[in-house]
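The values are calculated or read from the model by the stated rules, or taken from the named source; none is laboratory data. Small disclaimer: the values here were computed from a predicted structure and weren't measured. Cβ placement follows ideal geometry from the backbone for every residue including glycine, while neighbour counts extend to all protein chains displayed. All accessible areas refer to the heavy atoms of the entire protein, side chains included, with ligands and DNA or RNA removed. Shrake-Rupley method; radii C 1.70, N 1.55, O 1.52, S 1.80 Å.
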Amino acid sequence: MNDNIMTALVYEKGDSTKLGATVCTNKDGIKGVNFAVYSENALSCTLVLFKAGDKLPFAEIYLTDMKEGNVYSIFVHGLNYEKIEYGFRMGGEYDKVRELRYQPECVLLDPYAKSVSGRNSWCMDIDPLRAGKFRGRIIDDNFDWEGDTLPDIPVNDLIIYEAHIRSMTMHPSSGVENPGTFKGLIEKIPYIKSLGINCVELLPVFEFDEMEYNRFYNQKRILNYWGYSTLNFFSPKAGYAASGLEGRQTEEFKEMIKAFHAAGIKIILDVVYNHTAEGEEKGKCYSFQGIDNKVYYISQPDGFNTNYSGCGNTFKCNHPVVKQFILDSLRYWHNECHVDGFRFDLAPMLVRGVDGVPDWENPVAKYIAEDEMLKNAIIIAEPWDAAGLYLTGRFHHWGRWSEWNDKYRDSMRQFINGNSEYAPDFMSRYAGSEDMYYQCGASGSINFITCHDGFTMYDLVSYNDKHNESNGEQNRDGNNWNISYNNGWEGYTEDPHICHIRRRKIKSLFALLMTSKGIPMMYAGDEICNTQNGNNNAYCQDSEISWIDWNNLEKEEEVFEFVKSVIQFRKDHPVLRNTTYETEKNGTGYPDLSFRYPGGIEAFLDKESHCIAAFYAEDHKKYGTSEDAFIYVICNVYEKDIQFLLPDSDKIEWTVFADSSTRNRFGDKPSDTVDAEPYAVVILTGKRREEIRQEQQ
């Protein structure tokens, strides 16, 4: 410690209500930094200050005499905060049985730090002699938003595009100046907008340690690539910023948000409040464990961590202090960083009480839904956890929550592969899963067929089995049940028939996704047939396995244009975005949605079938359109051509909008029947014949 620098510091007791490091003025108008940290069980606390990048601190200030309640706080005058890093040493007992993990030799990361130093660029080495592997940096939230506001897009109008920061731009074909960064993703906005996407959901961007696994397989480093192992809940990942070495990741993140908003696109963050990157071992004491393990983690009777997350520990989300911490974090990202919403990884953790038992009375999930400062935020649950709490269709919504609908995913996959016994379930999921979301409407269902976790759309139709050998786990990792079919050959082939069937199924699945009731979500790269070579668990792959090959944009132009067209089709027809479940006839004389068999009779909701057609009737008065419109979505999953009778063709003139096969072409006007090829989806639009005659007159 440098005593001269130490004596030069002027400080006083701080404001205990301002947790973290806050640039502010004291009661006398003097500018400085207020530091405050909460701990119920620590016996001492020391603020540790570093010059940015130095291995050792230049000052350590004992705060035990500056404690108010359970908060240690200090106000340091005139600190040159832009060149400072900081942490805390917490003193106390180390007793695992009593859930105490105090290690005063560790310099701990502030839970409320708004910026983190350590791994300042992707895979950057950290000096083993550095005191405090991860430290807080101090920022002033004075970003110029230039009038930025959240895009006004109703939840039922969302078309979500799930993407990974690096996967979007790391491939050499991405053509961006700053690959793998927030800046690089800004360069992809024109493409994303051209596809018709109005909401991007990013895999975790909170600070995490990509090198926590630190192992090699076949001379390639195995990383924590997806980032589901949070170190800090207030800071964007420095390694995702082109300016991370300068500590400007928060500013760059905000620039990205502002750019997406300017393009009319919302941003949702995938957030992980169910566990952290810390483990039982002393070498992974970075922050929460050393500050107050008993407050932040659910423990077993023997004092060791529970593992409801499947990742080594369980965040005690419903402890009053942790509950407030989660709300503070969400408010920061939503109000200070202008993030539009959140998808909560393993969301049942948010309803587990401090003992791990589900508590539906006052869980933090309810507080999130009812919080006034989050009232405009999109909130989406992944409704299952790693300890068997499966809540799809049963996650309490409190009027706000939507959830990933894995039952929709499974039903679509089963049906497109010709499993006729899934016809009843297919119709139920396509119609918005009323059996699960009758209380909140179809906007409660996030419909998806693929996501980051599992096969890509191309791999779904190209592999029967997972091929995760490159993960270095002897292909034991990843789900063994994928409901996939390779259509005659495992993996890559140039067989024209197999290639044609695969792309037909991909287009069919996109057609179903974009015409189903509920909120559609697609995985980035699926629109250009991106492949992970059969890897269905690419959590550790910072390589061509995960990166999107943008050369496919030209190779797969037909698929891309088809996806683009069905996205626009959804936008053009409000009946597709209706979230209610009315069954009575509307002003057109038909229900909003009904189902029929090829012969035209109404489908039974409890009978097997290979062939189903969805009949939408768009009432112009109800939906505010210029005239009534009709939509007929034909789905044939039989191995032979099937002829479908068109509804009331004497009254409605039908026109082909799209066909996932090559049988029917855009603009064709069939008289009264349409032939659908195997595994094809045909979309037709209809207008009343008398209205057409009036237009012609």
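Data for the structure
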| item | result |
| --- | --- |
| Taking the stretch 12-139 and dividing mean pair separation by its residue count, relative contact order in percent (alpha carbons under 8 Å, at least six apart) | 26 |
| Members of LYS407/LYS507; LYS188/LYS571; LYS466/LYS571 lying beyond 31 Å, as alpha-carbon distances in this model show | LYS466/LYS571 |
| Label-reachable residues, the stretch 454-492, where backbone N falls under 15 Å from a point 7 Å from TYR390's Cα toward its Cβ | 479-483 |
| Where labels lie 7 Å past Cα in the beta-carbon direction, separation of GLU554 and GLU690 in nm | 5.4 |
| Qualifying trypsin sites (Lys or Arg not before Pro) for the stretch 303-395 [loop in DSSP, other Cβ within 10 Å: at most 15] | LYS375, ARG394 |
| Cα principal axis extents for the stretch 109-193, largest first, Å | 50, 34, 24 |
| Ranked packing of 298-308, 646-656, 107-117, most packed first, by mean Cβ within 10 Å | 107-117, 646-656, 298-308 |
| Positive-end residue, the stretch 121-252 charge dipole about Cα centroid, Cβ charges, pick of ILE165, ALA241, TYR217 | TYR217 |
| Table column - 3J(HN,Hα) (Hz), the stretch 408-413, Karplus curve with 6.51, -1.76, 1.60, x for Gly and Pro | 4, 3, 5, 5, 4, 5 |
| Calculated P(r) over Cα pairs in 20 Å bins from 0, in percent (choose from (i) 13, 27, 26, 18, 12, 5, 0; (ii) 17, 48, 27, 8, 0; (iii) 17, 51, 29, 3, 0), label | (ii) |
| Qualifying aspartates and glutamates (Cα of each under 14 Å from Cα of LYS640; at least 8 residues distant if same chain) | ASP675, GLU677 |
| Accessible area expressed per residue, the chain, with surrounding protein chains retained (probe 1.4 Å, Å²) | 38 |
| Square roots of 5 times each gyration tensor eigenvalue, C-alpha, the stretch 392-447, largest first, Å | 23, 10, 7 |
| Within straight-line cross-link reach of LYS133, lysines at Cα separation under 22 Å, skipping those fewer than 8 residues along the same chain | LYS51, LYS55, LYS83, LYS114, LYS237, LYS282, LYS284 |
| Mean Cβ count within 10 Å, highest first, over the residues of peptides 436-449, 613-626 | 436-449, 613-626 |
| Chymotrypsin sites (Phe, Trp or Tyr not before Pro) within the stretch 199-245: DSSP coil, no more than 12 neighbouring Cβ in 10 Å | none |
| Computed FRET value (nearest 0.05) for ASP572 with MET124, which takes r as the C-beta separation and R₀ as 35 Å | 0.15 |
| Potential extension, SER44-ASP650 segment - 0.36 nm per residue separation minus Cα distance | 209.7 nm |
| Pairwise FRET efficiency - SER420 versus HIS77, Cβ, R0 = 60 Å, nearest 0.05 | 0.20 |
| Relative contact order [Cα under 8 Å, 6+ residues apart], the stretch 585-647, whole percent | 33 |
| Surface share of carbon and sulfur [accessible, 1.4 angstrom probe, percent] for the chain | 47 |
| Whole-Hz ³J(HN,Hα) from phi, Karplus 6.51 cos²θ - 1.76 cosθ + 1.60, for the stretch 238-246, glycine and proline x | 4, x, 9, 10, 4, 9, x, 5, 8 |
| Distant-in-sequence amide H partners of ILE612 (H built 1.01 Å from N, under 5 Å) | CYS635, VAL637 |
| C-alpha center-to-center spacing [the stretch 203-256, the stretch 102-118] in angstrom | 16 |
| Order by protection proxy (mean Cβ within 10 Å, highest first), peptides 576-582, 336-342 | 336-342, 576-582 |
| Whole-angstrom gap from the stretch 375-420 to the stretch 605-648, using each part's C-alpha centre | 25 |
| Per-residue HN-Hα couplings for the stretch 265-270 [Karplus 6.51, -1.76, 1.60; θ = phi - 60°; Hz; x = Gly/Pro] | 10, 7, 10, 10, 9, 7 |
| Qualifying GluC sites (Glu not before Pro) for the stretch 1-78 [loop in DSSP, other Cβ within 10 Å: at most 16] | GLU40 |
| Extended-chain gain in nm, criterion 0.36 nm per residue less alpha-carbon gap, TYR217 and LYS375 | 52.3 nm |
| Nonlocal amide H pairs with TYR273, under 5 Å, H built at 1.01 Å | ASP345 |
| Antiparallel content of DSSP bridges confined to the chain, in %, to 5 | 75 |
| Expected 222 nm ellipticity per residue - DSSP helices of 4 or more, -39500 (n - 2.57), all of the chain, to 500 | -5500 deg cm²/dmol |
| Full-stretch length increase - ALA262, ASP495 - with 0.36 nm per residue and alpha-carbon distance subtracted | 79.5 nm |
| Partners for LYS96 among aspartates and glutamates (Cα-Cα distance below 14 Å; same-chain residues under 8 apart left out) | GLU280, GLU281, ASP292, ASP302 |
| Where labels lie 7 Å past Cα in the beta-carbon direction, separation of LEU56 and ASP355 in nm | 5.0 |
| Long-range amide H partners of ILE379 with built H, under 5 Å | PHE342, SER402 |
| Computed over the stretch 137-259: relative contact order in percent, which uses C-alpha pairs under 8 Å that are six or more apart | 24 |
